[in-house]
Amino acid sequence: MAPKHHPTPLSGGDRKALSKELGRARAMTTILIEQSAEARAKGEALIRQADKLLCESWNERMWADGGPIDPSPTVDQAINAAYAWLEIECSRCKTRRDVDLAALRHPPTTFVHDLASRLRCSKCTNAGRRPSVNLLQLASRSRQAVTET
Ligand SMILES: [Zn+2]
């Protein structure tokens, strides 16, 4: 891109003023981009905090009453909050496992409670049954890393 042309003012005073304004505008470019980055980082930290509170609220409800599972955070909200694991329990054989939310095939906008009908116990599936799973807790780490089956 060719440099922008500013018509040269006739008076020396005006030339000086123009030069000063150009310097100011160029300095502002950098200052404003830094402020933008700072505001964005603060905003992202606030969103992460909001996602974390949402996950903690859901965990408290699950722990206290075991449900209702709806409403729940979305998969990407849970991952953003560093609650990237979902502990589930088979409703039939009671086998527990941890689901890696980041490895799911479902879109990241899927609600965690919608996973209840989509996840299956591999033991029971191998035995030809398809019992539902109970959702237990969102967790920041896996007790034993097992991926979705
Ligand atoms: Zn089972």
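The values are calculated or read from the model by the stated rules, or taken from the named source; none is laboratory data. Quantities reported herein were computed from a predicted structural model and do not represent experimental measurements. Note: ideal-geometry Cβ built from the backbone for every residue, glycine included; neighbour counts use all protein chains shown.
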Can you tell me which residues in segment 88-110 are more than 16 Å from the ligand (Cβ to nearest atom) and surrounded by fewer than 18 Cβ atoms within 10 Å (Cβ to Cβ)?
ASP100, ALA102, ALA103, ARG105, HIS106, PRO107, PRO108, THR109, THR110
Test set (1) among the acidic types (Asp, Glu); (2) assigned to a strand (DSSP E or B); (3) touching a Pro at 6+ places or on another chain (Cβ under 9 Å) - ASP51 fails condition number:
(2)
Anything in segment 111-131 that is surrounded by fewer than 16 Cβ atoms within 10 Å (Cβ to Cβ), under 30 Å from ASN80 (Cβ atoms) and either of a type in the set (Lys, Arg) or within 11 Å of the ligand (Cβ to nearest atom) (or both)? List them, or say none.
ARG118, SER122
Scan ALA50, ALA81, ALA41 and give me the residue that is surrounded by 15 or more Cβ atoms within 10 Å (Cβ to Cβ), modelled with pLDDT of 95 or more and of a type outside the set (Val, Ile, Thr).
ALA81
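Do we have any residue at all in segment 62-84 that's within 16 Å of the ligand (Cβ to nearest atom), more than 29 Å from ALA45 (Cα to Cα) and charged (D, E, K, R)?
The answer is no, given that none of the residues of segment 62-84 is within 16 Å of the ligand (Cβ to nearest atom), more than 29 Å from ALA45 (Cα to Cα) and charged (D, E, K, R).
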Starting from segment 94-111, take each residue that is more than 16 Å from THR125 (Cα to Cα) and free of Cβ contacts under 8 Å to residues at least 40 places away in the same chain and list its partners that are within 16 Å of the ligand (Cβ to nearest atom) and part of a loop (DSSP other than H, G, I, E, B), counting only C-beta distances under 8 angstrom and pairs at least six apart or across chains.
HIS106/ARG118
